[in-house]
Each structure stands twice: as structure tokens, then as C-alpha cells.
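Q: Below is the structure I would like to discuss, written out as C-alpha cells.
No lab work stands behind these numbers, since they all come straight from the coordinates. Since we're looking at a predicted model, the values are computed, not measured. No Cβ is skipped: glycine too gets one built from the backbone with ideal geometry, and neighbour counts run over all protein chains shown.
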Amino acid sequence: MVISVIFLLVNNWSNKTTKISNFFESDVVANQKLSFKIFYDKKNTPPFGTIFSLKTKQGNIVASAGFIRYWNTYSGYQPGEMSFFVKQQDGLTKKMESNFKTIGKPSKKFKTGFSFVKENCILFKDMANGNVYKLDDDKLKINTSLDENLFQLNNDMNYDNKFYANGFIFGLDNNFVVACKDRFNKGDCFRIEIYKGTWPYIYAENNGKVIAITNYGSILIFDGKGWCQASEHENENYYCDEGLSKKILDKPRGKQFYSSIYYDGKTLIGAWPTGRLYEFDGKVFKPSLLSPFLEKDYADREAQSMAIYGGNLYVGYWPRGEIMIYDHESKSWSLSTRLFSHPVEEDPFIPYLGQLVGEESAFLGQRVTSLVAYSNKLFATTSNLRGWGYDIKNPDFLTNEQIDEYGRIYSLEKPGCLNTFLNITKESTLIDFIFDKDKVVIKEGDRIIGQVLNPGFSFDDGLSLVLEEGIFGEFNGQVEILEN
């Protein structure tokens, strides 16, 4: 039975918050359950945004679930991808933020790595030769160094380089960026030409508009009716002038953008060469104040990858393989870890600049090419700057152990964190979050879609339940909470 208050996206009703004590008689966790019916929005529009958040009296979010939207250079989120977290108590979670462990690499020749999700699994691609590997699900929890037996060759599952938003499918067709309804490159499509041989590095969405940025730095905005080419204005503000200009950018802008994510009310986009995050509000693209590096901290960095894990934002960087973390509670940035042990010296800042004869001077720069939250872990995959093919000899000034750090795959695991996938083929679904003292089980209908260790969370009268608003954005469908 649905309780008397139903939370829907109704324009004239803004109160979506209620006391958690309305649902539970005890503050002791013993198979207590939050149940929701989720209504999806429109055909070809994947669900996006927050399902629910649990907040303390101080406004801190201690548990939340929502559908995520992100892009990491070559591939992005999969429709139906949902993130959940429940906070560890007593600050123990923060002690684990840097505890990335090596899980191995598919081959000692795997140096230019990239990871992505597809068909509810995580895959790893060697960008130098195209081989794609899948983690053996039975060994997903094993932490071991350079164990090639963890991986299976799976070349028939390449990444999906399409972006889904607002009822459109976005992608590249020859030298056109395309937005199509129903099926890609079929039927009702809108196109904008880009310079031959260039391609989009990122897609992102906010307020009904989609932005695509090419490797030349061409900034394209789609409003549902057509494309325009944004131009630069004062204070690095980019937006479309009157007339929906489609002028082709025929030379590099000197700025590149590699990753995007929606987080805590902002569509963020990672940049080179400053390492800053920019943001897109649906009209203007500009530098963001929510950034680990501001103009005064200018550094030769690129924000290569981004992910939400445990409610916090992680950003992976080139050229020294760093991961920065934004804590959603303290609203502050810190260095989570560096995934390379060498070089220790920072001059030059780009590792081994110009030392590998015959290759690009920054070839041995160290990238966190992708951050992917999958199942209970956050996976980080590393690489050098360009494809390290089999024909490129290993540098004699590095040890075998140092060379093996390129392409190495790491994972971070914190109690209470889960990324999973919901079935979005129907108009609605039922989902349960079942809390007991040891674990939290998440079910879609009768199907268990994931479970996490309970890190010590318990319900109390001070918590409030908020629907459709939170770190993951405003939900683009409807949510009902069901009485147990």
C-alpha cells in the first residue's frame, strides 16, 4: 500500500522531505526496508538523478541512491547505471580513501590501459592494439600483483561510444557529430560538421542541453532543435552567439577536455592544461569554482577521468597519475593517492620528458585514463600518454618494475558502496533497500541486484528522507515511496 504522502515531480509542490521516524518504530537496524516505485521519464531517455537521500539534522547525506551520468574520453555511463552508498561511522571511511590496491594487469605488454562498463560488466582495453579483457567474475575480489589469470580476452565487447540524453543518441559519423532519435544514424537526426580527422572527447548534459567537445577544443551545444558552435567570451565563458553559428574550428584551441560528470548540482568537465574543472549550465560553459586546481594553482595537468564513489567525487590526472578526491561532507579537496611510485623528483613535472628517443617528448607521462565504479569497488586504470605498441622498445633507464606500473589496474573498496544496473526496459520498477546490522541488500522486484557491508549505519529520529534531490541530481522521472 502506498502511504498517504506520494512524492512526485509536481511543479506547485516542493516539499519532498519527511522524517525517517515516520517509517520505523525503532532506531535498531533489523531488516528495516525502504521501498520505492520508480517511474521512468520518456522513450529513449535513460533515468538520471537521485532516487532518495537520508540526511542528518546538520544536512549531511549519510545514504543515497541515484542514476549517474558521466563520460571518460572514449566511453560513458550505461543507461540504468545506479550508484548507492551508506556512510561508515566514526570517520573510518576517510582513512580508506587512499587505500587503492593493485589487482593486476591482463599482460605485461598491457601499458596503455582504459576501462569501461558494458552489458553490466567491467572491461579493460589495451588502447595500443585493441585487445579487450574482462575480469573473471569469480576472482573479482582477489587482490594480487600482475596476475594475468584474472583476465579473459573478450574482443567482441568494445566500448559504447554513444551518449544518451533527452531522448537522443549522440555520436560521431565521419566528420559530423550527430544527435538522433530512436536509432543512431537512422531517421530524425541533427548534424554538425567538425574538422576532418577530429572527434568528440566528451559529452555532457544539463538543463535539457547537451554539450560535445572535440579533441581540437570545438565546443558544440545541442538544444533539441539544432547544433551551434560556441565562441569564447570574457573570463573564459563559452556560449553560442545569435544565429546558431556552425563555423568549423580548423585548428586546435590549445585547450582540451577529457571527462565529464554530473555531481551535486553541477555538470563538471575536466580540462588540460590547467587541470581545472569547468562546468556547463545548459547555456554557458566556464571554469568552475568546484575544482582542485584554480587559476592561481595553474599546473600542466589534465583532468583525465571522473567518478562518483561513496558519494565523493574522484578525479584522475595526467601527467603524474594522481587521484584527487572531493569530500561531499567537508566540501574540500585532497590528494587521494598517486598510482605511480616514480619518478620522485618533480623537475621536470612531466615524467622523463624527452628521454625516450623517437617518441613524443611526453610519451612517458602517467595517466589515470579511467575511473569506473563497478559493483562494490572503484577501479582505476593507468597508461602512458600515447599507444605503447609492441614495436616500441622498453626504455633502458627504467626498471622492469617501473615499466610494469604503466597499464596497471587498481581498485578501492569501501564498505557501504555499490554500483549496479537496473532494468529500464519497462515504464516503472520496484526497488527495495533492506538494512540489517551486517549488510544492506538491494532488490529490484524479486531480483537481488547487489549488496554491501553495513559500515555501522543505523536509523535514528534525527534523519530525514529526501526524494528526487541530492548528489546525483534532480530525478528526471517520478518516485513513490511504498509502505512496508
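Q: Could you tell me the convex hull volume per residue, in Å³, taken over the Cα atoms of region 97-413? Write out the running numbers ahead of the final one.
A: Details: hull volume 45.7 nm³, N = 317.
Value for region 97-413: 144 Å³ per residue.
Q: On to the next question. Which pairs break 27 Å Cα to Cα here: K209/K247; K33/K57; K118/K196; K111/K266; K111/K439; K134/K437? List each step's numbers first, then the result.
A: Numbers: K209/K247 19 Å; K33/K57 21 Å; K118/K196 29 Å; K111/K266 33 Å; K111/K439 37 Å; K134/K437 33 Å.
As for pairs spanning more than 27 Å Cα to Cα, those are K118/K196; K111/K266; K111/K439; K134/K437.
Q: Sequence gap at least 6, Cα distance under 8 Å: using those rules, report the relative contact order of region 211-309 to the nearest whole percent.
A: Values: 207 pairs, mean separation 22.1, N = 99.
Relative contact order, region 211-309: 22 percent.
Q: Note the per residue figure in Å³ for the convex hull of the C-alpha positions in region 277-390.
A: Taking only Cα atoms, region 277-390 has a hull volume of 153 Å³ per residue.
Q: Something else about it: Just going by the charge dipole of region 97-413, with Lys and Arg at +1 and Asp and Glu at -1 on Cβ, which of V368, S231, N174 is farthest out on the positive end?
A: N174
Q: DSSP loop chymotrypsin sites (Phe, Trp or Tyr not before Pro) in region 295-341 with at most 16 other Cβ atoms within 10 Å of their Cβ, which ones? All intermediate terms of the calculation are to be shown ahead of the outcome.
A: Numbers: sites: Y298, Y309, Y314, Y317, Y326, W333, F340; in loops: Y298, F340.
Loop-located and lightly packed - Y298.
Q: Give, rounded to the nearest 20 debye, the magnitude of the charge dipole that region 243-362 has about its Cα centre when Lys and Arg contribute +1 at Cβ and Asp and Glu contribute -1 at Cβ. Don't skip to the answer; put the middle values down first.
A: Values: 14 positive and 16 negative charges, 138 e Å.
Charge dipole of region 243-362: 660 debye, to the nearest 20.
Q: How about region 356-440: which trypsin sites (Lys or Arg not before Pro) there are in a DSSP loop, with at most 14 other Cβ atoms within 10 Å of their Cβ? Intermediate results must be reported in sequence, preceding the final value.
A: Working: sites: R367, K377, R386, K393, R408, K426, K437, K439; in loops: R386, K393, R408, K426, K437.
The qualifying sites are K393, K426, K437.
Q: Cut-off is 10 Å between beta-carbons; in what order do H328, H233 appear when sorted fewest neighbours first? Can you show the working numbers first?
A: Details: H328 21, H233 12.
Ordered by Cβ neighbours within 10 Å, fewest first: H233, H328.
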